[in-house]
Amino acid sequence: VSFDIEGMAFPYSFGSHCLDRVVAELDGYGTDRLVVVTDDVVARLHGDAVIPALTAAAPVHLFSRPPGEGMKTVDTVRDCLDAAVAAGATRRSVVVSFGGGVPGNVAGTVAGLLYRGVRLVHLPTTMVAATDSVLSLKQAVNGQSGKNHFGLYRRPEAVFVDVALLRTLSDRELRSGMCEFAKNALAIHPDLLAPLRERLRAGVLRELDTLLWVIEASLDAKRAVMRYDAYEQGTGLVLEYGHTVGHAIELCDARRRGVDAIAHGEAIALGALVAAHVSAALGHLDKEAVAVHQELVEILGVKERIPIDVPRDEILAALRRDSKRGFLSVGSDEVAFVLLRALGEPLGDGERPLVPVPLRLVAEVLDELGIGG
Ligand SMILES: NC(=O)c1ccc[n+]([C@@H]2O[C@H](COP(=O)([O-])OP(=O)(O)OC[C@H]3O[C@@H](n4cnc5c(N)ncnc54)[C@H](O)[C@@H]3O)[C@@H](O)[C@H]2O)c1
């Protein structure tokens, strides 16, 4: 299929056991080198199957780091750039992300910086990456005080998803992907909620049919939003639903628990639940819609993952440095939020779906939900 956004379409292909087709495509790129960015877990699980295959298209320089948010740094990007140049990368080289959203964002940033921009190809291996992060031009790494503070926009040449590579995902990682999907269903396509609940209850997350359904539905939801706002700076900010508190929780927990920290999607689901309670407290969202959020968090198994020992003040401090700062002018005791007035209907001024929320109210909701300590 073609992922069609504001005249910046790129091909998105998916299938099962289709590496040979990927290699045949890459063969046509006329590239002199592939700089493959991955993490150590993906390299161990799938490197033997994928790297020799890719070598048939061009010589591969492999760059790998221990997995997790800790890899998403400017230092990693600089190391990767230096290693690519030392390995002989040129303007004709292609940066290939091979892994989840973390290697994907590192690779995207590297592709944008290397010689002021070389081609980027994504080979996602998580649900979060296949259904969300590769369907975005946004590439970024984390700073000391916040997620995704340093980055750029880069359109990939192509995305290739081989769902056979997703088989090794843990139940938790699979559910993390479903959390991002649930966020899109809540904020953009509420008609997806019923079939999602059905599949979650039936426990058929691993089935090929479910994976393909989620991929297709995610393509639809993202296309609907990004067609008019490819850079996600206006109406496209609806995709950030759940991300304000979600990112703050994810960052604070990752600092504490490293690879055992709450997964990205899990944090976003919690962020969406907080947003729903905030919106209800401000008199917008009704009880039934809040209950839908609550139920999803429960069937997605996120309740057990709530970080209770991250100090609440740390979460609030991270909120003040949210990467959306500046899109909306807010007071010093407020933070810009994506809130819903109803499922699928964001609040806002029509230009941007952002509203100011007092930090005090967020603190109350965190307290009520037992998030942080
Ligand atoms: N617009 C965007 O660019 C965008 C959108 C959504 C998420 N993101 C970013 O993506 C990141 C989250 O992505 P993620 O959840 O994929 O994280 P991730 O890349 O850290 O992957 C999660 C874990 O799964 C492991 N893994 C990857 N593939 C596997 C496989 N096939 N089998 C078994 N284990 C595997 C990884 O080693 C890692 O430990 C966050 O940093 C987030 O900010 C970016």
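The values are calculated or read from the model by the stated rules, or taken from the named source; none is laboratory data. This structure is a prediction, so every number in the text was calculated from the model and none was measured. Don't worry about glycine lacking a Cβ; one is built from the backbone with ideal geometry, like all the others, and counts go over all protein chains shown.
Structure notes:
- Here the stretch 118-135 is the region considered, the condition is being of a type in the set (S, T, N, Q) and under 9 Å from the mean Cα position of the chain (by Cα), and the residue that is nearest to the ligand (Cβ to nearest atom) is Ser133.
- Pairing each residue of the stretch 119-146 that is farther than 18 Å from Ala263 by Cα with any residue that is more than 8 Å from the ligand (Cβ to nearest atom) and polar (S, T, N, Q), provided the two are 6+ apart or on different chains, yields C-beta distances under 8 Å for Arg119/Thr31; Arg119/Ser93; Leu120/Ser97; Val121/Ser97; His122/Ser97; Leu123/Ser97; Leu135/Ser218; Gln139/Thr109.
- Number of the exception - Met178 against (1) away from the ligand (no atom under 11 Å from the Cβ); (2) crowded, with 24+ Cβ neighbours inside 10 Å; (3) under 26 Å from Gly348 (Cα atoms); (4) within 15 Å of the chain's Cα centre (by Cα): (3)
- Thr76 closer than 25 Å to Asp27 by Cβ and of a type in the set (Val, Ile, Thr): no
- Of the residues Gly326, Gly348, the single one that is touching a strand residue (DSSP E or B) at 6+ places or on another chain (Cβ under 7 Å) and small (Gly, Ala, Ser) is Gly348.
- Meets criteria (more than 19 Å from the chain's Cα centre (by Cα), more than 12 Å from the ligand (Cβ to nearest atom), at pLDDT 95 or above and β-branched (Val, Ile, Thr)) for Val159: no
- Subset of the stretch 99-117 [touching a Pro at 6+ places or on another chain (Cβ under 9 Å) and more than 10 Å from the ligand (Cβ to nearest atom)]: Ala111
- Checked against (1) of a type outside the set (Val, Ile, Thr); (2) buried (at least 24 other Cβ atoms within 10 Å of the Cβ); (3) within 19 Å of Thr131 (Cα to Cα), Ala248 passes all but condition (3).
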